[in-house]
Each structure stands twice: as structure tokens, then as C-alpha cells.
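What follows is a single structure, written as C-alpha cells, with notes after it.
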Amino acid sequence: MASSIEPVTTLALTSKDPARLDVDVLGVLVASAPSGPVLVGADALPDPLLSHVAAQARALGVTGELDSVHRLAAQQTTASVLALVGIGDRTLDALDHEALRRAAGALTREVTGVASIGLVFPADDVAHLAAVAEGALLGAYTFARYRTPPEHTRPAERIELVTPRAKEAAAKQAVARAAVIAEAVHAVRDLVNTGPGDLYPEAFAELARAGAKGTKLKVTVLDEKALAAGGYGGLVAVGQGSSRPPRLVKLTWSPSKAKRSVALVGKGITFDSGGLSIKPAKAMETMKLDMAGAAAVLHTMFAVAALDLPVKVTGWLCLAENMPSGTAQRPSDVITQRGGKTVEVLNTDAEGRLVLADGLVAACEEKPDAVIDVATLTGAQMVALGSRVSAVMGTEDMREAVVAAAGASGEQFWPMPLPADLRASMKSQVADIANMGERNGGMLVAGLFLSEFVGETPWAHLDIAGPSFNEGSAWGYTPKGGTGVAVRTLLNLLEA
């Protein structure tokens, strides 16, 4: 197996004249307009350069289309190349934080094979500056575990962001936070992109242990024997078909100044064959992604420690490999979840809710102020909301809080209901509940199933099935493959 060390992109602030920046490429924004492409927020550049761009842009096919990146030879600057990043038909006043994030990410994702990039973006206040920094770092990503990326595809090693606030403490703090966020998101992407032969429950648990060293995070790992003894029937049942047994990892961040407590529970199916209710071969090709929820929780916990947030946070990683074998659970088996509720297993491919149920019960036993679970739970999520918008269900206050946090962070979460009438479709003749119900509204049925295991605790369920893995073309700061979705929303929620 080939491997390489992925260079880490750094970002620094500068108040220098952008025309004199010691960088290979200068990035600026370009908007589409009826009269032709228009540069946005680039007033600090020399007039001859602006005139040169205006004369050349249309001839070279620059349109300002969203996410487009065009390179022109620069004049009157130290940089040899000017990169124009399209923002659509937005004006300077209409550039919200996510538009800046996306444009900065499109630039650093597309402009590779250079050592350094200078950003001449609107960054006159700290909020705009933070968005640009975050987007630029999120876009500078490549997955290098199994091959050495060709030099021309490697992200820039150094980014300089031009702003008059370069020396202000708040600006420096914003950049430091952006670096923590990008590191967490990149790490989730790496885990999701890793082959399931290398990332299995025990290996995942060891990564949690190793990552927590040197921090104030406390890590506890339950192996298959401890899970059986503790009544974690969902994790045991889902994992019993694999030669690589399940694990439950608990990470605790408990600062002395904390007044609130939040539990995060992540689905960590390191590979999902469907079990005996086996998936079609084509549907299995991306099923290494089924641990994206646990990956998001793990690296949210590391980010919480890095940012020293004043809230108690407990992360639960529900890890299992769902495989068919002579020891696998069978359709019609009845299992007993943590806490004593029995479940009739009608479909072994509806396994995520079984491992999450154990995690939710364990989390709620500690009486947190709120619990949030994150999971690539249902194909129905993609049918309802597509591949870029995640779903959030739960108690009303928590659901609204997640949507607000997502909006502030630039991730898309849509509130969904939990219709009580769908609960009847999960009635079982032999157990408290079945793990399958009405096919129509399957995402909501899964949410209703999980709601049975949280009691009165304020709760939100995040279904990230589609947005966790980009099978289409890269866009903005989002690469192909693992996306790292949910980390930014969870951090924003915890900070609030």
C-alpha cells in the first residue's frame, strides 16, 4: 500500500499591498453581469491590471459563473498569475458568508501545483475574514493515503489573505478557529475515504485513543465482551456477522467551568454489506461511507478540545461492521437493546438504527441537557432532499437549534417532521418494536424508531446519508468522496 505525507496548507493574514505579495497566484472574485464579467472587491489592485483583466476576460471565456476558476497572466504584480473565481450574479453587498467560503474554497481546490496563493477578497471585517479563511482551508484538501498525488494536483502550501485587520487579535483568533475546523473536516474526509479493510471497529477505536493523547479528553472503549455484558444488544447483533467485532467508544470533555452538557452519538458502520438482507453489488461500492456520523463526532470532539469550549461534551461512537456469515443476525431475530427494549429485526440492512439505539440509551443515562445523533441512516433521505441537503428531526427546540447552527456554518440542514401515525407501521407481534415500518416516509420512520430510545431528553437526529459523500463533481470547497459534513454545524451549536 502506497502512502505519503499530505502537506498542510497554512493561512496567514497580511495588510501588504496585494500587488507586492510574494505569492505565485493572486485570487480575486468575478461576477457575471449583462455587460460582461465584473471584478468584485479588487479595488486595491493596480488600475493597469484591472484594465488588462477587463480587456481579456471576455475573450478568454471568463463569465463569472458560480464556482468557475479562470487563470490569466498578471501584470503590475509580483504574482505571475491572476485567478478569477466566479460568484454568479452577486454584487459586493450580496456576498454572504457562505458565498465567500464557497468562492475561496473553489479557488484553493482548483488552483493546485503552486506553492502560494494570495487572496484579494472582501475581508474588511472579522466575520467576512473568517468565512474566507475557512473556505480557503476547506478547499485545500487531497486524500493521499494510498497514492502520492501528482505534484500538479497538490494544494498550495501557503495562503495569504489580504485584510486591513491583519494585526487584530480577533482576526488572528478567527484564523486559528478556521484552521481547527478545517483540520477536523479534513480528518473526517480522510476516514470516510479510507478503505474498510483498513478502517474497522477496533482500528477506529484505536484512532480515537491515539488522537486523544496529549489532550484533556478521556477515552473509554468497550469491546465485544463488555458490550454483551452491558446489554448493548444492537451493537452485538449487528457486529456478530463479522470476524472483526464491534466497539463502543466514549470520549468525554468535561471542563471545570462547564454549566451545560451535550451528548453526541455517531453511527459507525465501517462497512455495510446489508448483512443477510444483502445489498446489490453496485450499492456496496460506497458503503465505506457508513461510518461518517461517527467520524464527524470523533473529530468534533477533538475540535472541542482544541478550542477549549466551556461545555461538557460526551461523544459516543457506535462501531460495527455489518457482514453476512453463518454467525450473522437473521431477519426475524429479536434483540434486546441497552435499557431493555426488544426489537424484531425484519431487515438486517436497517442496522444503523440498532447501533444508534444502544448509543442513545447509554448517552441519556448520563442525563445530558441535550443529545444529538449523526448518521448516514437512510436512502430515503436522499430521495427526499438530494445529495447536498441533510435532514434534521427531533424535539422542536433542538431541531430549530440545529437548523440555526447549520445556517451560520454554511451547511444545509432541513427540518423534517416525525408524524406520530407512522409509528403504527413498526408494530411487532413478538417484540416492543420492529426495526422496519412504512416504506414511504422511510427517513421519518427511522427517526421515529430512534425517538423511542431518548426518553424526555431534548434530542436531534441528523440524517447525512447523501451529503456525507460526494459521488458527483467537486464544487466550492467540497471535494469528490468524503465531505466532512456535520462537523461545522455541531461545533457552531456547541459554541452557541
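The numbers here are math on the coordinates, done by the rules we state, and not lab data. Because the structure is predicted, anything quoted here is derived from the model rather than measured. Counting neighbours? That spans all protein chains shown, and the Cβs are built from the backbone with ideal geometry, glycine included.
A few remarks follow.
- Centroid-to-centroid separation of the range 359-377 and the range 270-333 [C-alpha atoms, Å]: 15 Å
- Relative to the dominant Cα principal axis of the chain, helix 396-409 is inclined by about 30°.
- Exceeding the 24 Å Cα-Cα cut-off - candidates 312/341; 167/213; 267/367; 218/267: 312/341; 167/213
- Residue 366-residue 168 pseudo-label distance in nm [points 7 Å out on the Cα-to-Cβ vector]: 3.8 nm
- Beta bridges per DSSP, both residues in the chain: antiparallel share near 40 percent.
- Mean residue ellipticity (222 nm) of the chain, computed from DSSP H runs ≥ 4 via -39,500 (n - 2.57), nearest 500: -10000 deg cm²/dmol
- Cα-based helix-to-principal-axis angle, 352-365 vs the chain, degrees rounded to 10: 90 degrees
- The chain: relative contact order in percent, alpha carbon pairs under 8 Å with at least 6 residues between: 15 percent
- Rounded to the nearest 20 debye, the dipole magnitude of the chain is 780 debye, with +1 charges on Lys and Arg beta carbons, -1 on Asp and Glu beta carbons, and the Cα centre as origin.
- Protection-proxy order for peptides 253-261, 347-355, each taking the mean of Cβ atoms within 10 Å per residue, highest first: 347-355, 253-261
- When Cα extents along the principal axes in Å is calculated for this entry, the matching label among (1) 139, 55, 36; (2) 68, 60, 53; (3) 79, 49, 47 is (3).
- Less than 5 angstrom separates the built amide H of residue 394 from those of 461, all sequence-distant by 5 or more or on a different chain.
- Computed on the range 322-410, with alpha-carbon pairs under 8 angstrom and 6+ residues apart, the relative contact order is 16 percent.
- Computed lengthening from residue 278 to residue 496, 0.36 nm per intervening residue step minus Cα-Cα distance: 74.3 nm
- Applying 1/(1 + (r/R0)^6) with R0 = 45 Å to the Cβ-Cβ distance of residue 332 and residue 218 gives a FRET efficiency near 0.65.
- Per-residue Cβ neighbour counts within 10 Å put 378, 108 in the sequence 378, 108, beginning with the fewest.
- Taking 327, 63, 314, 483 and counting other C-beta atoms within 10 Å, the order from fewest to most: 327, 63, 314, 483
- Beta bridges assigned by DSSP with both partners in the range 362-465 are antiparallel in approximately 35 percent of cases.
- Separation of the residue 257 and residue 92 label points, Cα + 7 Å toward Cβ, nm: 3.9 nm
- Using the Cβ of residue 430 as centre and a radius below 12 Å, the other residues enclosed give a net charge of -2, where K and R count +1 and D and E count -1.
- Separation in nanometres of the label points that stand 7 Å from Cα toward Cβ, at residue 475 and residue 432: 4.2 nm
- Rounded to the nearest 0.05, the FRET efficiency derived from the C-beta distance between residue 127 and residue 229 at R0 = 56 Å is 0.65.
- Full extension of the chain between residue 75 and residue 383 yields a length gain of 106.0 nm, computed as 0.36 nm times the residue separation minus the alpha carbon distance.
- Per-residue Karplus couplings for the range 147-157, computed as 6.51 cos²θ - 1.76 cosθ + 1.60 with θ equal to phi - 60°, are listed in order as 7, 7, x, x, 4, 6, 9, 7, x, 4, 7 Hz, Gly and Pro entered as x.
- Relative contact order %, the range 373-496, counting alpha carbon pairs below 8 Å whose residues are six or more apart: 38 percent
- Partners of residue 216 within straight-line reach, counting aspartates and glutamates whose Cα lies under 13 Å from its Cα and excluding those fewer than 8 residues away in the same chain: 308.
- Across the range 296-304, rounded Karplus estimates of 3J(HN,Hα) from the backbone phi angles (6.51 cos²θ - 1.76 cosθ + 1.60, θ = phi - 60°) give 5, 5, 4, 7, 5, 4, 5, 5, 4 Hz, Gly and Pro being marked x.
- Angle of helix 97-110 to the longest C-alpha principal axis of the chain, folded into 0 to 90 degrees and rounded to 10: 80°.
- Length released on extending from residue 307 to residue 151, taking residue separation times 0.36 nm less the Cα-Cα span: 52.9 nm
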